[in-house]
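Worksheet for the structure shown next.
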Amino acid sequence: MSKKLSIANLKSGSKQLKTTLTTNKMIKEKIISAYELMADKYNELIDHKPHNAYYDRPNTLQLLPDVNGKIILDAACGPGKYAEILIDKGAIVKGFDISPKMVELAILRNHKKGEFFVHDLSTSFSMIEDHSCDIVLCALALHYIEDWTFTIKEFHRVLKNKGILVISIEHPFYDYNFFKSKEYFKVENVKCTWKGFGQPVEVNSFRRPLSECITPLTDNGFYIDKIS
């Protein structure tokens, strides 16, 4: 009896895993589609749109040390605005984004300075060697991943000894209120309609509690030096 029950549980677990993977793939495709749709307008507005230009970027950039001569991975680089600033300060930048259109715009914005390629933040950074980066920057992108663990491990792998990871994220409790969530401690798929980049676009992401922002870091080789 116990053997049959065990097999039944395995089958049930396999089915559930398959369903989860299919759902995550669909969500990822929706995220890519949304950014492909609004990429040109996003790039057009990125220099001055308040949320990015006057809220996220100043606070994120002030967490960085002197970047002159540093090798920086701009993970989920979007249209390359951060890369533009960092290259101008003397950094050597490699950037990737899941949106092909965003990568194309990053290349154009940076006049072929830096190295940009299409890549998924939640998969292995196989093109980046171990311990090859001084800094990893990931701005307003981790909320597109359900489980941060693998990505954080990859950040740690590509960083040199005493390397620095700088991330910017939405405030967990703000998102809890904004999305009218019922279970704070649950990681859940959420979506809203963005109206600031031309035609309205539905954008999917994942909301999570503070513990799910901190634990993936502290469990995988990082300590938190500063929160702004």
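The values are calculated or read from the model by the stated rules, or taken from the named source; none is laboratory data. All values derive from a computational prediction rather than experimental measurement. Note that each Cβ is placed from the backbone with ideal geometry, even for glycine, and that neighbours are counted across all protein chains shown. The accessibility values were calculated without ligands, DNA or RNA, using every heavy atom of the protein model including side chains. Shrake-Rupley method; radii C 1.70, N 1.55, O 1.52, S 1.80 Å.
Using Cα pairs closer than 8 Å and at least 6 residues apart in sequence, work out the relative contact order for the chain, in percent.
The value is 18 percent.
Note that the range 134-139 has calculated 3J(HN,Hα) couplings of 7, 9, 10, 10, 9, 9 Hz, one per residue in order, obtained from phi through the Karplus relation 6.51 cos²θ - 1.76 cosθ + 1.60 (θ = phi - 60°); glycine and proline are x.
Taken one residue at a time, the phi angles of the range 187-201 give Karplus couplings (6.51, -1.76, 1.60, θ = phi - 60°) of 8, 9, 6, 10, 7, 8, 9, 8, 10, x, 10, x, 5, x, 10 Hz. Gly and Pro are set to x. What angle do you read, to the nearest 10 degrees and between 0 and 90, between the alpha-carbon axis of helix 2-45 and the longest principal axis of the chain? Compared with the principal axis, the helix lies near 20 degrees.
Pairs over the 22 Å Cα-Cα cut-off, from the set Lys81/Lys191; Lys89/Lys113; Lys101/Lys186; Lys41/Lys180: Lys81/Lys191; Lys101/Lys186; Lys41/Lys180.
What is the diffusion coefficient of the chain in µm²/s, taking the Kirkwood radius over Cα pairs and the Stokes-Einstein relation at 20 °C with a viscosity of 1.002 mPa s?
Values: Rh = 18.8 Å.
In µm²/s, the coefficient rounds to 114.
Enter the accessible area per residue of the range 75-214 (Å², integer; probe 1.4 Å; all protein chains in place).
Per residue, the range 75-214 has an accessible area of 50 Å².
Mind running the shape call on the range 31-105? Use the C-alpha gyration tensor, a ≥ b ≥ c as the square roots of the eigenvalues: rounded below 1.5 for a/c, prolate if a/b tops b/c, oblate otherwise. Walk me through the numbers before you get to the answer.
Numbers: a/c = 2.31, a/b = 1.44, b/c = 1.60.
Since a/c reaches 1.5 but b/c is at least a/b, the shape of the range 31-105 is classed as oblate.
Taking amide H as placed 1.01 Å from N in the peptide plane, the amide H of Phe117 sits under 5 Å from that of Gly95, Phe96, Asp97, each at least 5 places away or on another chain. Taking a ≥ b ≥ c as the square roots of the eigenvalues of the Cα gyration tensor of the range 49-162, is the shape rounded (a/c under 1.5), prolate (a/b larger than b/c) or oblate? It comes out rounded by the Cα gyration axes. Highest mean packing comes first when the peptides 63-72, 186-195, 100-109, 77-86 are listed by Cβ atoms within 10 Å, giving 77-86, 100-109, 63-72, 186-195. Computed from the Cα positions only, the extents of the range 23-75 along the three principal axes stand at 40, 25, 17 Å, in decreasing order. Apolar share of the accessible surface for the chain: 56 percent from carbon plus sulfur atoms, 1.4 Å probe. Between amide H atoms placed 1.01 Å from N, distances below 5 Å from Leu165 occur with Val136, all of them 5 or more places distant or on a separate chain.
Helix 100-109 and the longest principal axis of the Cα set of the chain meet at an angle near 20°.
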